[in-house]
Amino acid sequence: MPIRHAIAQLHWALSPWKLQREHPRYDGPRLLIGAPHTSNRDFVLMLAITWDARLPVRWLGKRELFQGPFGRVMHWLGGIPVDRDDPAGLADRVIELARTDPHAAIVVTPDGTRSSSQWRSGFYRIAYEAGVPVTLGFVDSGTGTTGLGPTMHLTGDVPADMDAIRAFYADKRGINPERTTEPRLADEAGLAQRLAQNRA
């Protein structure tokens, strides 16, 4: 961890990006949203942000990234392979990790492939069912700023929670602004109903 922190300090000393550190700092397990996700360079910024904050970061990546000679490096960097053929199993694994690790900081990119038209809802279900908050990490090429925004606890009122998330990201633009996706789920009211039924 000290080595990673030192690397992050060097990165921010040389980077043209301005870092917004978390304030106040949240201490506990959580999901970290990385958005807008429009470039592979977001990965480097994510590592530099979390290493600067001394967070034991874990992140979700497609299974192919963990194959070949760089697979061990991806694991060392905190990667969790995603099997797209078993999304339910992945969600259960992440929920269990968030519930059992008191320091879990799990990065998710709900806008996914950088070419989608809406956010995927898995992050919401995972955070809500695990009982952990989400921290709104961001990149904003308009101001050249990146970092960690507020941490919020999800209420189960999906439209209201997503309105708050939309408000935060409304003025944020990705590294490739034309690929920025509005934080909107396919069926927010329907998801709220399903979550309520699961809790009943």
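The values are calculated or read from the model by the stated rules, or taken from the named source; none is laboratory data. What you see is a predicted model; the values in this text were computed from it and never measured. A quick note on method: Cβ atoms are made from the backbone with ideal geometry, for glycine too, and the neighbour counts reach across all protein chains shown. Surface areas here come from the heavy atoms of the whole protein model, side chains and all, with no ligands, DNA or RNA. Shrake-Rupley method; radii C 1.70, N 1.55, O 1.52, S 1.80 Å.
Quick notes on this one:
- For the chain, the Cβ-based charge dipole about the Cα centre amounts to some 460 debye (Lys, Arg positive; Asp, Glu negative; other atoms uncharged).
- Contact order for the range 38-111, expressed relative to its length and based on alpha carbon pairs under 8 Å spaced 6+ residues apart, stands at 35 percent.
- Residues with amide H under 5 Å from that of Val82, placed H, sequence gap 5 or more: Gly61, Lys62, Arg63
- Estimated from helices alone, the mean residue ellipticity of the chain at 222 nm is -12000 deg cm²/dmol (sum of -39500 (n - 2.57) over DSSP H runs with n ≥ 4, per residue).
- Rolling a 1.4 Å probe over the protein heavy atoms of the range 1-145, with every protein chain left in place, gives an accessible area that is 57 percent carbon and sulfur.
- Binned Cα-Cα distance frequencies in the range 55-200 - 5 Å width, integer %: 2, 8, 16, 21, 22, 18, 9, 3, 1, 0
- On full extension, the segment bounded by Leu14 and Asp92 gains 24.2 nm, given 0.36 nm per residue less the C-alpha separation.
- Across the range 52-174, Cα pairs under 8 Å and at least six residues apart give a relative contact order of 19 percent.
- Accessible area per residue, Å², the range 1-87 with all protein chains present, probe 1.4 Å: 60 Å²
- A simple spin-label model places pseudo-atoms 7 Å from Cα toward Cβ; at Asp157 and Asp83 they are separated by 3.9 nm.
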